[in-house]
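Derivation of every value follows stated rules applied to the coordinates shown; laboratory data play no part. Note that this is a predicted model, so its numbers are computed, not measured. Using ideal geometry, Cβ is built from the backbone for each residue, glycine included, and neighbour counts are taken over all protein chains shown.
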Amino acid sequence: MNRSLAVQVIRIGLAGWLGCALAAQAPVAPAAAGPMLTATDRYYDAGRISAAGPPIVHTFTIANTGTAPLNILEVEPMCECARFSLGANRLAPQESTSLEIVLDVRDKRGSFYDGVWLVTDDPRQPRAAFYIVGDAYTRLDVSPDILSFSMAPKEHVNGATAELAVAINDDDVHALQSVSGSSPTVTAAFTPVDDRHYRVSVRLQVAEAEVMLDEWVELVFSGKAEERVRVPVRGLVTGPIQPSTRYLDLLDFAQSSPPERVVYLWDSVPFTVTRVETPPWLSAVARPLERTAGGKPVHVQKITFRLDLETTLPMQPPTHLVVHTDHPAAPRVILTLEDRRHAAGLVPPAEPAAPPPPR
C-alpha cells in the first residue's frame, strides 16, 4: 500500500470511527442527564505538509450539552510533540470552550495522527480523543537518521558495512553530489538507484577497542542551493575484557545498604585496573581475583563502587565511567551510569532537553 493510499485509509477510518462515536452519543432529548461532552469535530486534517515547517496549530470547540457541570480532569498529550491550551476545565450546562493543539512535526515522517486525550467526568466517554492527522514529507529523506554500532566488538566493527537509503522529494534538490566521513575512522561511498534515490555505504575502521563512537557521515546535495545532511555514527566498540555488567544505576545505590555495587572484569590475559574515573561522590576500589574455567586460569578484577549519600548529586550526573587497565588490547573499559532515582520519587525529574532544530 503506498503512502497516499495509507493516509486516505487512516482518514476514512478515523472519520467513520468518530462519526459512529458522535452518533452514539447524540442525545435523544434536548439535554442529556448529567454532564455530556460534545464537539463539532474530533480531528483536523492538516493534509500534506513539510516536516521542516512550523508546528500545526488547530483549535477545537468543545461543549457541555448535558444538565450538570462537566469537569475536564486532565489533558493527556499522546506524544511529546503535542502541546495544548485549554480555555476552561469546568463547563456549565450549555457552555463551550476552546482546546488548542500545537503539534510539532519536525520528527514526523509519512502519515501521522497525534493529539491529546481529554479525561472528563462524562460517564459516557471518560476519555475523549482529539487528533491532528496528516502526511509529513521532507525535502530529503535519509534513513536511518543515525547509524548505531552499540556494544559491538572491535573485530565485528572493522570492515563492517552499514547502509543509508536516500530519497530526494523536492525538485529544487537535483542530485547527491558527494559523501564524506568525519575522520579516517569513517569512509563512505554512494551508488545511484535512479535520479531520485541513492544508496550510501558506510564502513568503519577503529584503531582500538573500548571507544565511544562520536562520528558522522556528511551528504552534500546540489540544486538551487547546496544542501548538507549529517548522519551521526554512534556506539560503543568493545574489547576483550568481559564485564559482569556495563550498567550501573544510581537508584540501585540509593536503595542498597551499604550503597555499593560491584562490577567484575575478566579475561584470559593477565591485567590490572590502574585507575577508575569517577565523580567526587562515587568512589571505586579494585582488587584482583584468581579463578579457573575449564582448568584454565581466568584473571578477574573486582571493582566495588560506593555512593556517598552525604553529598548532593547533580541533577544530571555523568553518563559514563571509565576504568583504565594495563591490558595490552584493552586500555580501558567503559561503563554506563544511569539515574532512575526520579522514577522512585527520590529526586525530581531532570529538565527535558530542548528539541533539536529541523534538519
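Miscellaneous remarks
- Given charges at Cβ of Lys, Arg, Asp, Glu: the stretch 43-184 dipole, positive-most of Val75, Gln177, Leu140: Val75
- Among the trypsin sites (Lys or Arg not before Pro) in the stretch 176-236, those located in a DSSP loop and surrounded by at most 11 other Cβ atoms within 10 Å of their own Cβ are Lys224.
- Amide hydrogen neighbours beyond the local backbone of Glu95, cut-off 5 Å, H modeled: Asn64
- Cβ crowding within 10 Å, taken as a proxy for footprinting-reagent exposure, orders His197, His58 from fewest neighbours to most as His197, His58.
- Overall form of the chain per C-alpha gyration tensor (a/c, 1.5; a/b vs b/c): oblate
- Cα gyration tensor, the stretch 242-344 - rounded (a/c under 1.5), prolate or oblate: prolate
- Which of Thr40, Ile168, Thr274, positive extreme of dipole for the chain (C-beta unit charges): Thr274
- 0 to 90° range, to nearest 10: angle between helix 3-25 axis and the chain longest Cα axis: 50 degrees
- When the stretch 219-289 is described by a simple charge dipole with +1 on each Lys and Arg Cβ and -1 on each Asp and Glu Cβ, the residue from Thr238, Val263, Ala225 located farthest towards its positive end is Ala225.
- The HN-Hα couplings worked out from phi for the stretch 295-308 by the Karplus form 6.51 cos²θ - 1.76 cosθ + 1.60 (θ = phi - 60°) are x, 10, x, 10, 8, 10, 10, 9, 10, 9, 9, 10, 8, 7 Hz, whole numbers, x standing for Gly and Pro.
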